[in-house]
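Trainee: Below are the structure tokens for one structure; questions will follow.
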């Protein structure tokens with residue numbers, strides 16, 4: 001009898017999933033992981049990492065420190081030019097205002113640090129296994145990728161711009177001691193600040209693309225170093241017109257034509273340099289986004 005009662009008792013129907021009930025609520029699709037929510041999540045994740053704060057602080061210290069050191073070196077060089085005819089000739093050969101480039105003298109190191117930050121932002125997702133949680137929350141993957149890209153590029157731009165401005169403030173009194181003037185509000189100073197900040201943000205984007213493609217922090221950083229530091233030296237040392245011409249199209253050699261007051265011989269035009277830098281950013285990012293969609297986590 002008890003078995004008959006058990007058989008006659010209907011089993012409870014499985015409860016519909018929360019997502020399904022939300023989708024069926026009045027026939028309307030309720031909010032899911034929108035891009036703004038994904039972006040907010042990535043901002044929280046970004047600022048909560050100690051390594052991120054260390055790299056940002058290191059960038060600021062390096063930029064300001066090199067600005068002060070460059071101001072001292074420029075002042076020493078200018079002082080020697082007043083006493084030494086050979087130093088005066090070297091100074092005249094360089095042309096332009098030597099003081100105006102002092103605040104951006106640490107850009108080479110800023111691009112390495114923030115480029116590495118771009119690599120780590122994506123490669124750490126795979127090395128720690130966090131990618132499974134990230135892409136489970138954002139199954140389409142591309143919104144998370146785009147949110148990370150926005151975060152790292154905006155952060156790199158702001159950190160570089162602020163550090164350059166502070167480096168300029170530190171350099172002004174040092175240069176004054178040597179009779180050199182630095183106007184941080186001049187059009188050339190503002191141009192250097194903006195272009196170099198955009199350039200470093202582009203390097204960070206390239207770094208993030210490398211981190212996505214290689215999925216390994218050490219491999220991504222070494223690839224970044226190879227592109228921006230090793231390749232220009234190698235192309236300069238290898239004889240031949242091909243390497244001499246190809247060197248102009250490396251991403252690290254695009255910033256000089258973009259910031260020069262006048263066209264520098266044997267370099268690209270400013271619009272060409274901007275186009276080349278854009279290609280170096282867009283192509284790896286598109287390639288990384290396509291592979292991120294197709295490859296397993």
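Trainee: Going by how many other Cβ atoms sit within 10 Å of their own, how do 130, 208 line up, fewest first? Before the final figure, lay out the partial values.
Mentor: Values: 130 13, 208 29.
Exposure proxy ranking, most exposed first: 130, 208.
Trainee: Just want the ordering: 245, 125, from fewest to most Cβ atoms lying within 10 Å of their own Cβ.
Mentor: Working: 245 11, 125 23.
Arranged by neighbour count, lowest to highest, 245, 125 become 245, 125.
Trainee: Okay, next question. How would you rank 194-206, 38-50, highest first, on the average number of other Cβ atoms within 10 Å across their residues?
Mentor: Numbers: 194-206: 24.4, 38-50: 14.7.
Per-residue mean Cβ counts within 10 Å order the peptides as 194-206, 38-50.
Trainee: Can you put 156, 187, 105 in order, fewest other beta carbons within 10 Å first?
Mentor: 187, 105, 156
Values in this text are rule-based calculations from the coordinates and carry no lab data. Small disclaimer: the values here were computed from a predicted structure and weren't measured. Using ideal geometry, Cβ is built from the backbone for each residue, glycine included, and neighbour counts are taken over all protein chains shown.
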